[in-house]
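Beneath this line is the structure, given in structure tokens, with notes to follow.
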Amino acid sequence: VGLAWLILMLVVASFLRQRQTDSERPLNEFASARLKLMSSLLGTIKGVKLFGWEDNYLDVITAKRNQELVVIKRYNAWWFAGGIIGKSVPVTTALIVFAVFTITGDGMTAAEVFAANTVFIQLRRNVDTLAIGFNIYKTFQLTIERMQRFMDLPDRERRKVLKADSPLEPLALLRDATVAYEKRMTAPSNAGSPSKRSPSRRSSPSKRDEQDSTVEKGFSVTIGAEGIVVMPGELVAICGRVGQGKTTVLSALANSLGDACTVTGPNAEVACVDDVALVPQKAFVISGTVRENLAMGLPTYGQEAKLAKVLADCDLAADLESLTHGIEEEVGERGTTLSGGQQARMNLARAFYRAPKLLVVDDVLAAVDSKVGAVLFKSIRSYVRDDPQRRAAVVALNQTYLLENFDRVIFLEEGSIAGQGTCKELRESCPAFVSFLANLEGVVIEDDPTEAARREEEAQRCKKLLLAGEDYRTKTRGHLLKDEVLK
């Protein structure tokens with residue numbers, strides 16, 4: 001009888017642990033949704049404070065938290081019930097055994113009672129350990145399921161890498177391909193109610209994901225047989241109206257497409273050199289000093305001349321002078337101490353410092369004024385001309401007055417290439433390009449004889465700032481070492 005009761009309680013405890021595991025899945029989903037909302041709030045906290053949206057965000061976050069609390073209470077209830085069952089099994093087993101002996105009239109002596117009670121007391125620890133072990137097993141099983149769900153994702157196709165050992169070999173090419181973004185439509189889930197889950201919950205994670213969501217093709221850009229071929233020494237512009245796929249084409253050329261983007265086509269060709277630098281439309285900034293953001297792991301000490309030239313090319317001398325500690329100034333979380341234009345120029349300087357064969361720039365001129373934009377364009381053009389045998393640049397921009405200065409212009413219209421060639425050729429052969437320009441006059445930026453002298457002067461100015469920043473860094477490190485010694 002005692003053994004039968006013990007087995008029955010273990011079955012009940014197993015059932016309770018299973019219900020606890022079923023409650024943990026929606027708990028993770030609600031927690032992830034709340035954390036994403038909090039991350040979004042922290043990323044736009046200035047706008048929230050400026051427009052007084054605190055109460056609106058608070059209501060949304062409170063609603064998310066209340067949904068999460070419902071699942072947390074359910075999860076804790078199953079956990080508490082399972083724990084009570086596990087701890088009470090030895091006591092209830094002893095009571096049932098003694099009661100059965102008393103009812104049947106067999107009777108037990110005092111010695112037998114104490115001996116049996118000793119056995120049940122020893123059994124308590126084993127049963128408690130078994131319950132804890134079962135709980136760990138169910139948690140580990142859920143972790144394995146999440147890992148398996150990740151491992152079941154389709155492998156990313158390996159991109160073809162071009163060697164470009166000679167000036168006659170392309171640095172990037174994209175032809176006969178359709179670049180499309182996938183939209184995953186998630187079906188309404190009853191994950192918040194474990195008791196109402198469908199019987200398919202025991203199916204494999206990958207099958208469950210296929211049942212809960214469908215994939216539809218979103219925005220796409222079609223590249224024809226002519227395609228895009230970037231040769232060394234070229235300065236290529238990609239232009240078009242908003243939402244025509246400029247960023248998508250740049251990402252495909254730089255082999256930096258995300259998991260949500262696919263390249264299809266029976267004869268699709270997508271390849272580029274492995275030495276490529278992408279300057280994204282939204283500046284990427286890490287929490288650290290300006291020097292750390294520029295270097296991103298590359299050595300900078302002993303490279304003052306190269307670093308000063310890069311800073312001068314991106315017109316950052318005046319910005320470094322305005323910072324308290326110059327290049328050693330802490331940027332802060334998400335670049336809060338820098339303006340949008342400063343972040344964009346710092347990203348461009350980071351790309352210049354790496355000196356890649358292929359430079360891909362996504363509308364960096366939109367974050368600066370026309371004067372600084374002209375300086376940045378001259379720097380990009382000079383970067384290519386300094387080594388035309390191995391370097392090229394592809395720039396997406398909306399500043400149509402600069403198109404006259406590019407070797408080739410690629411015009412996107414309705415998700416495809418409407419035409420490519422020089423700006424003059426497109427004016428003559430592409431009516432859509434003429435309509436896009438809207439009678440705007442182009443500005444030809446001529447080579448200024450004094451430009452080299454100006455850039456050298458700016459480089460010397462930046463070099464002095466670098467030396468000042470090095471002095472500050474040395475003094476700061478000395479103070480830190482002194483504090484460590486005192487401690």
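The values are calculated or read from the model by the stated rules, or taken from the named source; none is laboratory data. Predicted model only: the values in this text are computed from it and were never measured. Glycine gets a Cβ as well: all are built from the backbone with ideal geometry, and neighbour counts include every protein chain shown. For the accessible areas, the whole protein counts, side chains as well, though only heavy atoms, and no ligand, DNA or RNA atoms are used. Shrake-Rupley method; radii C 1.70, N 1.55, O 1.52, S 1.80 Å.
For this structure, a couple of remarks:
- Against the rule of thumb 2.2 N^0.38 Å, how large the Cα Rg of the stretch 304-393 comes out: 1.09
- With R₀ set to 22 Å, the beta-carbon distance separating Leu8 from Ala99 gives a calculated FRET efficiency near 0.90.
- Gln281 sits among other residues whose Cβ lies under 10 Å from its own Cβ, and their net charge, with Lys and Arg +1 and Asp and Glu -1, is 0.
- If you sort Leu171, Leu27 by accessible surface, 1.4 Å probe, largest first, the order is Leu27, Leu171.
- Summarising the overall dimensions of the stretch 1-152 from its C-alpha atoms, the Rg and Dmax are 24.1, 82 angstrom.
- Sorting Asp362, Asp155 on solvent-accessible area from highest to lowest, probe radius 1.4 Å, gives Asp155, Asp362.
- Rounded to whole Hz, the Karplus (6.51, -1.76, 1.60) HN-Hα couplings of the stretch 355-366, x for glycine and proline: 6, x, 6, 10, 9, 10, 10, 9, 6, 6, 6, 5
- Net charge of neighbours whose Cβ lies under 10 Å from the Cβ of Gly227, counting Lys and Arg as +1 and Asp and Glu as -1: -2
- Calculated FRET efficiency for the pair Ser39/Ile136, C-beta based, R₀ 30 Å, to 0.05: 0.50
- Rounded to 0.05, the FRET efficiency of the Lys163 and Thr336 pair, given R0 = 60 Å and the Cβ-Cβ distance, is 0.90.
- Taking all C-alpha pairs of the stretch 18-61, those more than 14 Å from each other amount to 58 percent.
- Carbon + sulfur, % of accessible area of the stretch 273-361 - ligands and nucleic acids excluded, 1.4 Å: 51
- Between Leu467 and Val60, the simple label model (points 7 Å from Cα in the Cβ direction) yields a spacing of 5.2 nm.
- Pairwise label distance in nanometres, Glu425 with Leu50, each label 7 Å out on the Cα-Cβ vector: 4.3
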